[in-house]
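Below is one structure, written out as structure tokens; comments come after it.
What follows draws every value from the coordinates through simple rules; no lab data is involved. Nothing here was measured: the structure is a model prediction, and the numbers come from that model. Here the Cβ is made from the backbone with ideal geometry for all residues, glycine too, and neighbour counts use every protein chain on show.
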Amino acid sequence: MYQPITFMFYNTENFYDTENDPLTMDDDYTPGGFREWTYERYNDKVKKLCKVVRDIVTPNLPDIIGLAEIENKSVITDILDSLRNDGITAYSFIHYDSPDERGSDVALIYNTRSFNVINSKAIKVHLPGIEDRTRDILYVEGKLKNYETIHLFITHFPSRNEGTEISERRRYFVASELRHEVYKLLSSNPSDNILIMGDFNDTPDDNSIDEVLGAKKKFEKIEPLKLYNLLYPRHKKGIGTTYHKSWLMFDQFIVSGNMLLSEKIICKPEFADVFNPTYLLHFDNNNNAKPNRTYRGNYKGGYSDHLPIILRIYLK
């Protein structure tokens with residue numbers, strides 16, 4: 001009988017606690033700041049994230065959860081405490097404070113009964129010639145329930161806020177660093193199972209993903225040493241995870257060819273999808289669906305400006 005393992009990734013949209021950290025630019029997300037980020041609003045966001053975790057693979061729970069835009073360990077601790085209050089006690093987490101100037105990090109939550117962590121580290125990304133700091137890439141090595149080793153990379157590429165020319169260069173650089181780390185693993189062990197999950201601030205067709213990282217979009221001929229973008233088929237159908245004039249597939253799962261060819265793991269592109277229940281959507285005056293954001297100009301009390309993605313694989 002095959003054992004399912006479920007991965008989830010979610011950009012949580014500025015998930016800050018209410019405390020002012022003098023080392024980061026988090027002043028807006030304090031009770032006296034521009035966003036008027038109170039404990040009540042923060043606690044509501046904690047509960048909303050926990051609802052998504054509970055709902056995304058009902059009646060089960062995701063085994064491995066990658067998160068983006070998490071401020072610090074206290075945010076993750078509050079999430080896990082809220083889940084424990086609902087009787088969900090098996091989760092632990094991995095997080096490293098990154099040098100991002102806004103204090104916005106990636107993190108991993110995992111079920112200790114289905115994933116055994118062997119090693120983890122924060123991969124520093126030093127943008128050349130640029131004073132701005134960016135987020136680390138989180139690397140985690142672990143064993144699944146069938147004792148297969150898997151290498152996880154959780155990433156959040158630089159945003160598009162500062163214009164295409166500057167921001168695109170930054171994403172190219174992070175993609176190059178990520179590719180280097182991936183192929184260091186594959187050069188020593190070509191049969192490694194590798195899963196990259198993250199918000200790339202680019203679609204599968206953009207150069208940072210398609211050319212620099214080299215995540216292939218077609219699955220007719222799988223090569224073990226190549227990378228493959230599992231959410232490209234959804235992207236091709238116009239499905240996305242965030243909305244800027246149209247739906248954009250910024251959040252993606254990318255795997256090594258060996259994961260698609262493995263004799264001990266069943267992994268297919270049709271197993272990856274976007275989770276988009278009605279409560280995660282906001283409908284404008286023209287009935288166009290967009291993510292139900294925490295803020296749209298002012299506080300709206302929604303979930304995030306991104307939708308979560310989900311991947312279910314099966315262990316033999």
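Could you list all residues from the stretch 102-140 that are assigned to a strand (DSSP E or B) and farther than 21 Å from Phe157 by Cα? Of everything in the stretch 102-140, those that are assigned to a strand (DSSP E or B) and farther than 21 Å from Phe157 by Cα turn out to be Tyr110, Asn111, Asn116, Val117, Ile118, Asn119. Only residues that are over 19 Å from the mean Cα position of the chain (by Cα), among the hydroxyl-bearing types (Ser, Thr, Tyr) and buried (at least 19 other Cβ atoms within 10 Å of the Cβ) were counted across the stretch 219-261, and they come to 0. The residue that is farthest from Ile265 (Cα to Cα), counting only those in the stretch 292-316 that are outside any loop (DSSP other than H, G, I, E, B) and touching a strand residue (DSSP E or B) at 6+ places or on another chain (Cβ under 6 Å), is Ile309. Considering the conditions (1) surrounded by 15 or more Cβ atoms within 10 Å (Cβ to Cβ); (2) more than 20 Å from Asn276 (Cα to Cα), Asp86 is excluded by exactly one of them, (1). When Tyr10 is tested against (1) touching a strand residue (DSSP E or B) at 6+ places or on another chain (Cβ under 8 Å); (2) surrounded by fewer than 14 Cβ atoms within 10 Å (Cβ to Cβ), just one condition goes unmet, and that condition is (2). Taking residues in the stretch 83-101 that are in contact (Cβ under 8 Å) with a residue 12 or more places away in the chain and over 15 Å from His156 (Cβ atoms), and partners anywhere that are aromatic (Phe, Trp, Tyr) and assigned to a strand (DSSP E or B), the pairs with Cβ atoms closer than 7 Å and at least 6 places apart or on different chains are Leu83/Tyr91; Tyr91/Tyr110; Ser92/Tyr110. When the stretch 49-72 is filtered for residues that are surrounded by fewer than 19 Cβ atoms within 10 Å (Cβ to Cβ) and not hydroxyl-bearing (Ser, Thr, Tyr), the ones remaining, listed by number, are Lys51, Arg54, Asp55, Val57, Pro59, Asn60. Within the stretch 237-267, the only residue that satisfies the criterion of being touching a strand residue (DSSP E or B) at 6+ places or on another chain (Cβ under 9 Å), free of Cβ contacts under 8 Å to residues at least 12 places away in the same chain and of a type outside the set (A, V, I, L, M, F, W, C) is Gly238.
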